[in-house]
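Asks: Sending over a structure as structure tokens; questions will come in a sec.
The values are calculated or read from the model by the stated rules, or taken from the named source; none is laboratory data. From a predicted model like this one, the values you see are computed outputs, not experimental measurements. So basically every Cβ, Gly included, is an ideal-geometry build from the backbone, and we count neighbours across all protein chains shown.
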Amino acid sequence: MTATSTTARQHTVVDSPYGPLTLVAADGTLCGLYMTGQRHRPPEETFGTPDPGPFGETAGQLEAYFAGELTEFDLPLRLEGTPFQRSVWAELARIPYGETRSYGELAELLGKPGASRAVGLANGKNPVGIIVPCHRVIGASGSLTGYGGGLERKQRLLAFEKGTEVEAPVLF
């Protein structure tokens, strides 16, 4: 689904230890969280008007997450994608903080054991990374594979959630 003339979009940018995060809302509900240089980042002109108004709760929960005080987000989301993509994103949201799942495990949980590549593609199109934790998905061998925000960010987010991250300068 794309923005139409009846959908009011707003955006703002918040700081994070992983670089600036652009938050996007459609009709006041969060529909996007994009990192600098992120693969599948929509064009800036689709983000709507600059307005921090709809993002107070999102910014507060992100701040608590990055402070290590929040392990599960509780925000209304407007996820725009195919039914399969939305089912993958719903499964991502069930991966507990500090844990990982493989693409194959997610495919099994969705009842589509041969669909690990399709799960990977849907994972890569997740419009609200961090909040819907696509960084918690790894390869079958335990390797860090693909991440729209870059493998360094994925590695840092996983280490952060396990409590093993060493403070690193933001390079983005």
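Asks: Those residues that are among the hydrophobic types (A, V, I, L, M, F, W, C), at pLDDT below 90 and surrounded by 14 or more Cβ atoms within 10 Å (Cβ to Cβ), I need them from region 154-171; list them, please.
Replies: Initially, region 154-171 is screened for residues among the hydrophobic types (A, V, I, L, M, F, W, C), giving 157-160, 166, 168, 170-171.
Keeping just the survivors that are at pLDDT below 90 gives 166, 168, 170-171.
Across region 154-171, there are no qualifying residues.
Asks: Let me ask something else about it. Give the residue that is farthest from residue 162 (Cα to Cα), with candidates limited to residues of region 45-86 that are of a type in the set (Phe, Trp, Tyr) and out of contact with any Pro (no Cβ under 8 Å at 6 or more places or on another chain). Reasoning before the result, please.
Replies: Taking region 45-86 and keeping what is of a type in the set (Phe, Trp, Tyr), we get 47, 55, 65-66, 73, 84.
After this cut, where a residue has to be out of contact with any Pro (no Cβ under 8 Å at 6 or more places or on another chain) as well, the list is 47, 55, 65, 73, 84.
Numbers: 47: 33, 55: 27, 65: 13, 73: 17, 84: 30 Å.
Per the stated criteria, the residue is 47.
Asks: Filter region 95-126 for residues that are among the basic types (Lys, Arg) and touching a residue at least 12 places away in the same chain (Cβ under 8 Å) and give the result.
Replies: Keep residues of region 95-126 that are among the basic types (Lys, Arg), which gives 101, 112, 117, 125.
Of everything in region 95-126, those that are among the basic types (Lys, Arg) and touching a residue at least 12 places away in the same chain (Cβ under 8 Å) turn out to be 101, 117, 125.
Asks: Sort out which residues of region 87-136 are among the small types (Gly, Ala, Ser), assigned to a loop (DSSP other than H, G, I, E, B) and either in contact with a helix residue (DSSP H, G or I) (Cβ under 9 Å, 6 or more places away or on another chain) or not assigned by TED's automatic domain parsing to the domain that holds residue 148 (or both), and write them in order of number.
Replies: Quick first cut of region 87-136, residues among the small types (Gly, Ala, Ser) only: 87, 90, 93, 98, 102, 104, 107, 111, 114-116, 118, 120, 122, 124, 129.
When the remaining residues are screened for being assigned to a loop (DSSP other than H, G, I, E, B), the result is 93, 98, 111, 114-115, 129.
Matches in region 87-136: 98, 114, 115, 129.
Asks: Then there's this: If we keep just the residues of region 12-35 that are hydroxyl-bearing (Ser, Thr, Tyr) and under 13 Å from the mean Cα position of the chain (by Cα), which is surrounded by the fewest Cβ atoms within 10 Å (Cβ to Cβ)? Walk me through how you get there before you give the answer.
Replies: The initial filter retains those residues of region 12-35 that are hydroxyl-bearing (Ser, Thr, Tyr), namely 12, 16, 18, 22, 29, 34.
Those left that are additionally under 13 Å from the mean Cα position of the chain (by Cα): 18, 22, 34.
Details: 18: 24, 22: 18, 34: 23.
Here the answer is 22.
Asks: Another question about this same structure. Quickly run through region 106-124 and pick out the residues that are modelled with pLDDT under 95 and under 19 Å from residue 158 (Cα atoms).
Replies: Selection gives 120, 123, 124.
Asks: Residue by residue through region 42-59, note down the ones that are in contact (Cβ under 8 Å) with a residue 40 or more places away in the chain, among the charged types (D, E, K, R) and part of a helix (DSSP H, G or I).
Replies: none
Asks: Right, another one. Being closer than 23 Å to residue 147 by Cα and more than 16 Å from the chain's Cα centre (by Cα) narrows it down to one of 69, 44, so name that one.
Replies: On the way: 69 fails: closer than 23 Å to residue 147 by Cα.
So the residue among 69, 44 that is closer than 23 Å to residue 147 by Cα and more than 16 Å from the chain's Cα centre (by Cα) is 44.
Asks: Follow-up. Tally time: how many residues in region 60-77 are aliphatic (A, V, I, L, M), without any contact (Cβ under 8 Å) to a residue 60 or more places away in the chain and more than 14 Å from residue 31 (Cα to Cα)?
Replies: Our first condition is that a residue be aliphatic (A, V, I, L, M); within region 60-77, this holds for 62, 64, 67, 70, 75, 77.
Next, only the ones that are without any contact (Cβ under 8 Å) to a residue 60 or more places away in the chain stay: 64, 67, 70, 75, 77.
So of that shortlist, the ones also more than 14 Å from residue 31 (Cα to Cα) come out as 64, 67, 70.
Matching residues across region 60-77 total 3.
Asks: In region 7-15, is there at least one residue being assigned to a strand (DSSP E or B), outside the structural domain of residue 116 (by TED's automatic domain parsing) and in contact with a His (Cβ under 8 Å, 6 or more places away or on another chain)?
Replies: No, region 7-15 has no match at all.
Asks: So which pairs qualify, if the first residue must be in region 143-154 and within 17 Å of residue 20 (Cα to Cα), the second must be assigned to a loop (DSSP other than H, G, I, E, B) and of a type in the set (Gly, Ala, Ser), the Cβ gap must be under 7 Å, and the two must be at least 6 apart or on different chains?
Replies: Every condition considered, the pairs that remain are 148/129; 149/129; 150/37.
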